[in-house]
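The values are calculated or read from the model by the stated rules, or taken from the named source; none is laboratory data. Please read all numbers here as calculations on a predicted model, not as lab measurements. So basically every Cβ, Gly included, is an ideal-geometry build from the backbone, and we count neighbours across all protein chains shown. These area figures cover heavy atoms from the full protein model, side chains too; ligands, DNA and RNA do not enter into them. Shrake-Rupley method; radii C 1.70, N 1.55, O 1.52, S 1.80 Å.
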Amino acid sequence: MSSMEHVAPPQPGEVGAFETTATERVASVDDLASLDALVAELTGKRSPFALWKRSLGGLAHGDRRAIGQELNEALARVEALVESRRALLAAAAREVLVVADRLDLTDVVATPGAGHLHLVTQVREELEDVFVGMGYEIADGPEAETEWYNFTALNVPRDHPARSMQDSFYLATGDRESYLLRTQTSPVQVRLLERGTLPLYAIAPGRVYRRDTADARHLPVFHQIEGIVVDRDVTFGDLAGTVETFVTAIFGTGIATRLRPAYFPFTEPSAEFEITCTICTGSGCRTCGQTGWIELGGCGLIHPAVLEASGVDPERWSGFAFGFGIDRLAIMRHEIDDIRSFVENDVRFLTQF
Amino acid sequence: MRVPLSWLQEFVPLATAPRDREAVRDLGRVLDSLGLVVEGVEHVGDGLDEVVLARVIEIRAIKGAERIRQVLVDAGGLEPAEIVCGATNFAVGDVVPLAKVGAELPGGFVIGRRTLRGVVSDGMLCSAREIGVGGDESGLLVLASTGAPDGPLPAGVEVGMPLAEHLGIVPDAVFDVAVEPNRPDCLCVTGIARDVAARLKLPFAVEVPAVATSGTPASRFASVVIDAPEACHHLLARVVTGIAAVPSPPEVARRLLLAGMRPIGAVVDASNYVMLELGQPSHPYDLERLGGHGLGVRYARPGERLVTLDGVDRVLGRYTDAQGRTTDVEDLVICDAHGAPIGVAGVMGGAATEIDASTTSVVLEVAEFAPVVVARTAKRQGVRSEASVRFERGVDPEGLARAADRFCALLVAAAAHGGAQAPVVAPGDLDAHPVTTPRRYLRVRVGRVNALLGTTLGADEVEALLAPIGFLSRRAEGVPRGDEQGDATSPGQDGTGQQDVVLDVEVPSFRPDAEREVDVVEEVARHVGYERIAATPRRSPFVGTLGARTANRRRLRRVLTGLGAHEAWTSSIVDPSLLGRAGVPHPVVALANPMVHEESVLRAHLLPGLLGALRHNVAHRNPALRLFEIGRVFVPVEGDGLPCESEHVGVLLARDGDDAASAVHVLGVVAEQMGLDREALALDQAMAAPEPLVALGTHPSRRALVRAGAGAGGVLGALGEVDPRVLEEFGIAGRGRVGWLVLDLGALDEAPTRDRRARPVSRFPSSDVDLSFVLDDATPAAALESTLRASAGELCESVRLLESYRGPGIQSGGRSLTYRLRFCALDRTLTDADVAGLRAACIAAVVAELPATLRG
């Protein structure tokens, strides 16, 4: 204390005069750094306020109270003024910064984005998810198959036209048995049945091959999804119900299904399943030939001969199978007018989906 | 199969009026629901006003035109009409339909006066299809041939008379029905009528009265012999004499036209009519032209020839395939009594014995052939005739005599209509019947029917559904019925007690497809109506799962799209030269029957397909992109097995700045995201010859094999850059480097994965040490990195290459590599002394083990 210089208590009017000066000086500061320096000068440890406060100890009780109160009130007013000035200057400084930082967000050089999944993959995954939700497993088989798996075990007669060189791609190898590119995903049915673990609820999506010339509606290489269910007491009504369930899951509740008799060697009874035309929603248009229905795929109860060929007793087990084209579904849904767009891989096409 | 409504109505009393479009559509829906899918309906009888008969009096060429000619016709006017016509199937004197200017044809096409090649056309000469009276559109509908512009016209033909009047056209509707291959019985009007009648619960009957015969027995005129009983089960020949050349009555001609066949003359028309009505093909031979007046059936001698009705000279008994290999085959022929071939059995008759206007006596061949024999011959000969289609699928073995009777009745009716003397049917058919197709009986359990369909039909209902389509049944005897309450545990029990009834069902002769109980179940379902079988939900007892394989593929696809690559799919069938163009030739799996050479082998690699996709995009000015494909590739195996099929992913990196380093980056991200143990992956640039297939098409000095597991681990794939020479082959050179990564997904599924247990993360500060070494070019940076990792020990959190520098200050043949090592302990802050010790240990290890020096 002794080292501290002695300051006299303020004379009457001295505090008021200092406050007036301080007020003027605070109001005239126009940057935050100067304000900080000024605050130290006006209210800091060496400021008149601090010195005057220290001098109060030597005063009589009454004076001490009166002057102390005067000092405190003046200091509070100056500090309040400083804070409001600080807020003002901070806002102004931020405004300057914000203006300087301005960026035109439409003036951004594009960087390469994420890639797109092929539309066929997207549709395939959507179908897989529907069936996984229904409790099915996803199965798979080779694309190069034996005649046994592709035809014989599926009850396709030896002279059936599908077996001809006109309709199927045969491999130049294989002397003892004929090999071919599978014409359908159905051989996976046989492989699953041979596995021997029943009941069976599975789908098999994949690539298949037919000896068609490529045009707007056909490719020799395309994709199908196959479904197979084998359990106790599976009925034709169950098949109809299952088709209804997955069609609703895929297309929504407004789309109905119906089964119509058809012929496939590997199912009996066999059916084609049709859905409400998705273009006209059933009122009739060119796409559905004014019928209000479009054909989606084939299905039926698994022929007992198919079960027998894989060692499953048709008296103890029954089941159904269905199949339809993944590419065809994509084409229908996205109104694609040429299926060859799928294999062209034009980035302008791929990035639409 | 085109089915006129009026013809159906002859066998089933349908109230459908042909002009009532709604009623016709309803009948179409019934056919659809029976599985007889209606692909189209044609309404006949509209739009024939202003279509008249006209006789061709002159045909002139038009200068400068090859496909059209000017035809002058007499249509009853004062002057001949001048018409421009593109058809060529007619001659002067023929009577054809003329649609006059102003006519509105079926379908709404309005005929106007037109000028073609400067020649005015005052109307149009029409085909059967154009005027809606048949399906034939190959040429004009020739109604009569008089041989000369002014010759006598046949009865009922007048120039200028309305066509509708001439044809006796009555309004009709024609259903175009797609018949499934297992339903040969529906390849005729009566078969379809039977199904419709059964569904609509209407009566149905086919009544063909036997014809009166007289005079000389048939056996005195001709004989029949079958030399191949396994191929021809039954041959019936009927002899008819005293035939006059008359046209068919209008109703016969009209129906033939509606069904898509051209009326020719009473004899041929009758044969065709019988086929369309009853499903049994037959063939009339001119008795006088039949050598030895006899018919035989035998296999053709290898190389034997016959000119058939279509004018084609056919080689029989020997087949030459697309590759030029010749094999002897069993083609069945009809021959005369001298053994000379006169027809390809079940496929087509010979030209030499054809019926014509001079024919007065015919032998009608009605046969039942083994379906497979006809199918094979028809396929080899590339013929698909109305007859062969029916024989291939199986005719009614009990319908031969009925077909012959119907044929005779039609001939008699035609003669009566044409005012000619009635033909004489010789008594006693010539009948060789070596193989009788027995009736088939099937045991059908009513309980089984309900169990399969999910229905609750009683035995009576099942029988009532089956009887109208010819499946007659009776309750089987000696089969335990169960008690009246039924077996409570039996499937599909409905409590009626009828479910245990077993039926003995006699399969009708015209249903060769019904071979098992389940085939009868389908018939029940069809006639109940599929739409009336209640849909029931079937719940899987399992929790569905994608499975590891699908889940992994999905994750990989997401990682690659995240890296900016678009997914492509390219054909698995490729040009054999593509692989060669993409690098070294390898053995490939070839197709036995490709359609074109450019698509004749299975792909052994994904690179060529993706380069093709890149080329397409480059050509469309989108050269900077990344593409990937996941798909199967095929390589031949030793011996006789199926090709080795594996699933690959190929990633083509062609963005600006992409190169081999991008491929390394992609591999790193893939490994990281797929949970692989990155430290178990190694890049092997020391590729031994011969180059493995997986490295096909890569830049020789900027590539590596990706190995899993240290040392000589299995090859996962390859990466690097596409060989510039290959880019040049694909026409996409000069656009910079293209990075490439290919992985075998089967191997990837098996690759070592990271330890999935959590490692604790230190809460204490870490310390970085940067070390720069000058390393000889012959030593891979990977060696330096692994030495650093090994020597840095447990406390080392990461080793990261910061910079690779070549240039001033570094001797050539080497480069400076700067690594940042981050050290951290779990239980304390490392001291400067700790870090200095680790640094020294790392430097010492590197300098000792590698041709490397610490850079100042």
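Scan the range A:325-334 and give yes if some residue there is touching a residue at least 12 places away in the same chain (Cβ under 8 Å), part of a strand (DSSP E or B) and open to solvent by 30 Å² or more (accessible area, probe 1.4 Å), otherwise no.
For the range A:325-334, residues touching a residue at least 12 places away in the same chain (Cβ under 8 Å), part of a strand (DSSP E or B) and open to solvent by 30 Å² or more (accessible area, probe 1.4 Å): absent.
Hey, can you tell me all the residues within the range B:414-434 that are under 44 Å from the mean Cα position of the chain (by Cα) and open to solvent by 50 Å² or more (accessible area, probe 1.4 Å)?
If the condition is that a residue be under 44 Å from the mean Cα position of the chain (by Cα) and open to solvent by 50 Å² or more (accessible area, probe 1.4 Å), then B:ASP429, B:ASP431, B:HIS433, B:PRO434 are the ones that fit.
Can we say B:GLY64 is loosely packed, with under 14 Cβ neighbours inside 10 Å and not polar (S, T, N, Q)?
yes
Looking only at the range A:315-333, decide whether some residue is more than 11 Å from chain B (Cβ to nearest Cβ) and basic (Lys, Arg).
Yes, that holds for at least one residue.
For the range B:669-737, please list each of the strands (runs of 3 or more DSSP E) lying entirely inside it that holds at least 1 residues being within 42 Å of the chain's Cα centre (by Cα).
Answer list for the range B:669-737: B:698-708, B:715-722.
Against the condition over 44 Å from the mean Cα position of the chain (by Cα) and surrounded by fewer than 19 Cβ atoms within 10 Å (Cβ to Cβ), how does B:ALA758 come out, does it pass?
yes
Under the condition of being touching a Cys at 6+ places or on another chain (Cβ under 6 Å) and closer than 18 Å to B:ASP32 by Cβ, which residue from the range A:268-286 is surrounded by the most Cβ atoms within 10 Å (Cβ to Cβ)?
Going through the qualifying residues, I end up with A:ALA271.
Would you be able to say whether some residue in the range B:763-779 is in a strand (DSSP E or B) and without any contact (Cβ under 8 Å) to a residue 60 or more places away in the chain?
Yes, there is a match, as at least one residue in the range B:763-779 is in a strand (DSSP E or B) and without any contact (Cβ under 8 Å) to a residue 60 or more places away in the chain.
Sort out which residues of the range A:78-130 are open to solvent by 60 Å² or more (accessible area, probe 1.4 Å), basic (Lys, Arg) and free of Cβ contacts under 8 Å to residues at least 60 places away in the same chain, and write them in order of number.
The answer is A:ARG86, A:ARG94, A:ARG102.
With a cut-off of at least 1 residues that are more than 30 Å from B:HIS527 (Cβ to Cβ) and open to solvent by less than 10 Å² (accessible area, probe 1.4 Å), name the strands (runs of 3 or more DSSP E) lying wholly within the range A:175-267.
By residue number, A:179-181, A:200-209, A:221-231.
One line per residue, one yes/no per condition, for (1) in a loop (DSSP other than H, G, I, E, B); (2) of a type in the set (Asp, Glu); (3) open to solvent by 70 Å² or more (accessible area, probe 1.4 Å):
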position: B:VAL307; (1), (2), (3): no, no, no
position: B:VAL315; (1), (2), (3): no, no, no
position: B:ILE355; (1), (2), (3): yes, no, no
position: B:SER358; (1), (2), (3): yes, no, yes
position: B:VAL363; (1), (2), (3): no, no, no
position: B:ALA367; (1), (2), (3): no, no, no
position: B:ARG376; (1), (2), (3): no, no, yes
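Within 12 Å of another protein chain (Cβ to nearest Cβ) and more than 21 Å from A:GLY135 (Cβ to Cβ): does that describe A:SER283?
It is false that A:SER283 is within 12 Å of another protein chain (Cβ to nearest Cβ) and more than 21 Å from A:GLY135 (Cβ to Cβ).
When the residues of the range B:450-466 are filtered to those that are of a type in the set (Gly, Ala, Ser) and open to solvent by 30 Å² or more (accessible area, probe 1.4 Å), which remaining residue is farthest from the other protein chains (Cβ to nearest Cβ)?
The qualifying residue farthest from the other protein chains (Cβ to nearest Cβ) is B:ALA464.
So which residues in the range A:239-262 are more than 7 Å from every other protein chain (Cβ to nearest Cβ) and touching a residue at least 12 places away in the same chain (Cβ under 8 Å)?
Listed by number, the residues that qualify are A:LEU239, A:VAL243, A:PHE246, A:VAL247, A:ALA249, A:ILE250, A:PHE251, A:GLY254, A:ILE255, A:ALA256, A:THR257.
I need a count of the residues in the range B:512-548 that are more than 17 Å from A:GLY319 (Cα to Cα), in a helix (DSSP H, G or I), touching a strand residue (DSSP E or B) at 6+ places or on another chain (Cβ under 9 Å) and more than 7 Å from chain A (Cβ to nearest Cβ).
Matching residues across the range B:512-548 total 3.
Taking the condition open to solvent by 10 Å² or more (accessible area, probe 1.4 Å) and part of a helix (DSSP H, G or I), does B:GLU647 pass?
In short, no.
Residue by residue, here is whether (1) under 32 Å from the mean Cα position of the chain (by Cα); (2) surrounded by fewer than 24 Cβ atoms within 10 Å (Cβ to Cβ) holds:
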| site | (1), (2) |
| --- | --- |
| B:ARG254 | no, yes |
| B:LEU258 | yes, no |
| B:ARG262 | yes, yes |
| B:GLN280 | yes, no |
| B:HIS283 | yes, no |
| B:TYR299 | yes, yes |
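Hey, among the residues in the range B:564-583 that are touching a strand residue (DSSP E or B) at 6+ places or on another chain (Cβ under 9 Å), more than 7 Å from every other protein chain (Cβ to nearest Cβ) and of a type outside the set (Asp, Glu), which one's surrounded by the most Cβ atoms within 10 Å (Cβ to Cβ)?
Per the stated criteria, the residue is B:ALA582.
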